[in-house]
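Trainee: Supplied in structure tokens, the structure appears directly below.
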Amino acid sequence: ARARPTTAFGALDPTERVSRRTSRPPAMADMEALFAEMRKAQTGGRDFAAEARAAAGASGDSDADSEDTGSEDDASATEHLPPRAMDASRTKACVRVSELGRATAREAKAVARSFAHGDPRDADDPRVPDPALEAARHRAVAGVAAVFESACGKTIGGRWWSHFEAWLYARRSAAASSAAAKARQRREAKGSEGDGVYTAADAPDDATLDPVIPDPALARSDKALERKLEAAGMGRYEIVGVGMELSKACARARASLAAARSGKRKPVKMSAPFAVSSGKETEDKHSSSIEQKSAMKVTLTHGKTRIEVNVETLAKLRALHGRLAFPKSARGDERRFRDDAFCVLARYAAAQGAHHKAGTMQASAPSAVFDVLKKTFGVEAELCASPVNCHFRNFGSAFLDVDRHFGSFGSAFAFKPVTGSFQANPPFDSAFIGRLVKRFETLLRDTNEPLSFVLIVPYWPEEACWKNLTSSPFKRTPLLRLKSNKHGYVAGSSATRVKRTTPASFTTDVVFLQNEAGAFKWPVTAETLRLIKIGFKQGLPNSSAKREAARGDDDDDASMSSSDGGGGSSGTDDDSSGDDETKTTRSFGNDGDEVKAALRLSKGKVWDPDEFLFWGVGSARRWGERPAEWMLDAAGDVLEAHWVGEDPDSEEEDEE
């Protein structure tokens, strides 16, 4: 027999005593394994103890990009993956001070506590989005949209779905403001200071804050919608009736979600790719070639709800999910990816009003703008993005419950960085922008480390949010102003559109909020503004962007201001030379004096039916007589898109 190690006094060696205490008899090990298998059988195959240990060890960096997930050498896995803007340590630091970090810590504690009390959770994991619930929410919002169209679509005219989308965002913003005020009151009652930010942790047990469907009480009245209806000629009594109908519709929509929460989980089905076209053909009369825009799409279906998505967008979501899904066991799971992708697409489609033409509130800056911001300002993340339109791998978004599996770290209002540079292109809602500006000012005031925010907002000199932003003590001068139709965005509905970019029909301001350390580290210069402005032209259609570059008027559409944003132009227009005109004429072939006359009338601009709306309607003589008929059709489209009031072409007239 092997002699036991002993000390000089004949006692067992302490190391031997430790090893004997930690080692378990084979029978005990077999019993523990048997109990583990019994627990798995009772919980549907899940080991809650292992999950609790994994969650406790990954509470700070659960959703951070890891080196061991996916190979960088695999081109198919990284082709559609957005670029990384932060290293691993910086990503962990940002996640730790975000809504995601706090939510993950709470979930880890809840799992550990439930397992310690011998009552492991046997229901579906709340961190896993439910496709049935999102499908029901999409149908519910579609029902509210039908009520909106019936109640005031004909009166408000034109693009009623755009007005409905703006109404949805305004009512959700009002609900968030009300919830933040109540959260602040609860914190004050408990004696804790807090910062007035509403997160999921602040929600009471009977919280009625739905991420998409407005609160019925708040749906009764919306000042912006009331002004539009009043301007269209609707009486005050009828406006109140519209509010009552919308309130009842929201109440029915919320009630319809109760059945979906208790429904059986069904798999999401995905169709084979199919080709679609924009429905418009562009014919070049000088080259006799016809160009047709097309794209490949797939359909994700759950029950009766169908969501179409471009193949490129689905590949991007797949790449993000394969790298950042939580838990790590979900990465590479095809069924889990389809469920999560459907939930994201259905959620944002519902947030936009469940209409295929909506999406103006989710537009994003072109990729060239982010490249400039990353290089010159060190921008690390977007704070108002989504998995569909994000440019960087990690970002902030509105819906953490469905976005976290694609790289989101949560709401911008719950993000509390002490250093770094970030970009925010918020939804163009005055209340939302006002709350965001106050949030950024609080963060800048509470730190001495370099901190910078780049905001992209509309030029609204009559709105309080714009006045507060441009008069902020943290605003750095000059700001950048981009005129309408001279820059563009990536469309909010780019996941389903054939043409991803869209020109801006409004003037945009790019404002920089920085503390002293941030201004010293990332100074705002004229060269930086020029590069940002050039990047925004990537959002214009190709022919329009090429024409802008050929004209050499890179500085004619930007204004820089040192006070209120109303400064003069930073450059002058370059006149077209005779050589340029001759060169353009030769490119058309042998059209003779007719082309030369058209060029003289249009001051060098070539008639392009696809780009007509970006230059304004104008007169028929400006473009010659040939496109006059098409011009009238385009003018009618403009009037229909922006008309507020009764439709003059309506065939339905009230007859009594």
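The values are calculated or read from the model by the stated rules, or taken from the named source; none is laboratory data. Please read these numbers as outputs of a predicted model, since none were measured by experiment. Reconstructed Cβ throughout: ideal geometry from the backbone, glycine too, with neighbour counts over all protein chains shown. Note: areas computed on protein heavy atoms with side chains; ligands, DNA, RNA excluded. Shrake-Rupley method; radii C 1.70, N 1.55, O 1.52, S 1.80 Å.
Trainee: Read through the list (1) crowded, with 20+ Cβ neighbours inside 10 Å; (2) touching a Phe, Trp or Tyr at 6+ places or on another chain (Cβ under 6 Å); (3) within 21 Å of Gln538 (Cβ to Cβ), then give the number of the only condition that Asn485 fails.
Mentor: Among (1) crowded, with 20+ Cβ neighbours inside 10 Å; (2) touching a Phe, Trp or Tyr at 6+ places or on another chain (Cβ under 6 Å); (3) within 21 Å of Gln538 (Cβ to Cβ), the lone unmet condition for Asn485 is (1).
Trainee: Which residues, taken from the stretch 341-387, are open to solvent by 10 Å² or more (accessible area, probe 1.4 Å) and either among the charged types (D, E, K, R) or over 26 Å from Trp161 (Cα atoms) (or both)?
Mentor: Lys357, Ser367, Ala368, Asp371, Val372, Lys374, Lys375, Thr376, Gly378, Glu380
Trainee: Taking Thr313 as the residue in question, decide whether it is more than 29 Å from Pro214 (Cα to Cα), assigned to a helix (DSSP H, G or I) and among the polar types (S, T, N, Q).
Mentor: When the stated conditions are applied, Thr313 does not pass them.
Trainee: Take Ala431 and decide whether it is over 20 Å from Thr376 (Cα atoms), surrounded by 23 or more Cβ atoms within 10 Å (Cβ to Cβ), in contact (Cβ under 8 Å) with a residue 60 or more places away in the chain and among the aliphatic types (A, V, I, L, M).
Mentor: no
Trainee: Then there's this: Mind listing whichever residues of the stretch 483-522 are more than 29 Å from Thr419 (Cβ to Cβ), touching a helix residue (DSSP H, G or I) at 6+ places or on another chain (Cβ under 9 Å) and of a type in the set (A, V, I, L, M)?
Mentor: Those that are more than 29 Å from Thr419 (Cβ to Cβ), touching a helix residue (DSSP H, G or I) at 6+ places or on another chain (Cβ under 9 Å) and of a type in the set (A, V, I, L, M): Ala491, Ala495, Ala504.
Trainee: Being open to solvent by 50 Å² or more (accessible area, probe 1.4 Å) and more than 23 Å from the chain's Cα centre (by Cα) is true for just one of Pro478, Pro473. Which residue is that?
Mentor: Just a single option satisfies the conditions, and that option is Pro473.
Trainee: If I go through the stretch 462-472 residue by residue, how many of them are touching a residue at least 12 places away in the same chain (Cβ under 8 Å) and either more than 14 Å from Arg439 (Cβ to Cβ) or small (Gly, Ala, Ser) (or both)? Can you show your working first?
Mentor: The initial filter retains those residues of the stretch 462-472 that are touching a residue at least 12 places away in the same chain (Cβ under 8 Å), namely 463-466, 468-472.
This time we only want the ones that are either more than 14 Å from Arg439 (Cβ to Cβ) or small (Gly, Ala, Ser) (or both), so: 463-464, 466, 470-472.
So the count comes out to 6.
Residue-by-condition table, conditions (1) basic (Lys, Arg); (2) in contact (Cβ under 8 Å) with a residue 40 or more places away in the chain:
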site	(1), (2)
Leu345	no, yes
Ala358	no, yes
Ala365	no, yes
Ser397	no, no
Ser421	no, yes
Asn425	no, yes
Arg439	yes, yes
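Trainee: I'd like to check something: does the stretch 441-451 contain any residue that is on the phi > 0 side of the Ramachandran plot and in contact with a Lys or Arg (Cβ under 8 Å, 6 or more places away or on another chain)?
Mentor: So far as the stretch 441-451 goes, no, none of its residues is on the phi > 0 side of the Ramachandran plot and in contact with a Lys or Arg (Cβ under 8 Å, 6 or more places away or on another chain).
Trainee: State whether the residues of the stretch 502-514 include one that is assigned to a helix (DSSP H, G or I), at pLDDT 80 or above and on the phi < 0 side of the Ramachandran plot. Walk me through how you get there before you give the answer.
Mentor: Start the filter on the stretch 502-514 by keeping residues that are assigned to a helix (DSSP H, G or I), which leaves none.
No: zero hits.
Trainee: Of Ala253, Ala272, which residue is modelled with pLDDT of 90 or more and in a loop (DSSP other than H, G, I, E, B)?
Mentor: Ala272
Trainee: I would also like to ask the following. Of these, Thr496, Thr507, Thr501, Thr528, which one is open to solvent by less than 20 Å² (accessible area, probe 1.4 Å) and polar (S, T, N, Q)?
Mentor: Unique residue meeting the criteria: Thr528.
Trainee: Something else: Just to be sure before I move on: is Thr447 among the β-branched types (Val, Ile, Thr), assigned to a loop (DSSP other than H, G, I, E, B) and more than 24 Å from Asp371 (Cα to Cα) in the structure I sent?
Mentor: yes
Trainee: Would you please list the contacts, defined by Cβ atoms under 8 Å and residues six or more apart or on different chains, that run from a residue in the stretch 151-176 that is over 14 Å from Pro427 (Cα atoms) and free of Cβ contacts under 8 Å to residues at least 60 places away in the same chain to a residue that is assigned to a helix (DSSP H, G or I) and open to solvent by 20 Å² or more (accessible area, probe 1.4 Å)?
Mentor: Matching pairs, first to second residue: Gly153/Trp160; Trp160/Glu149; Ala175/Leu218.
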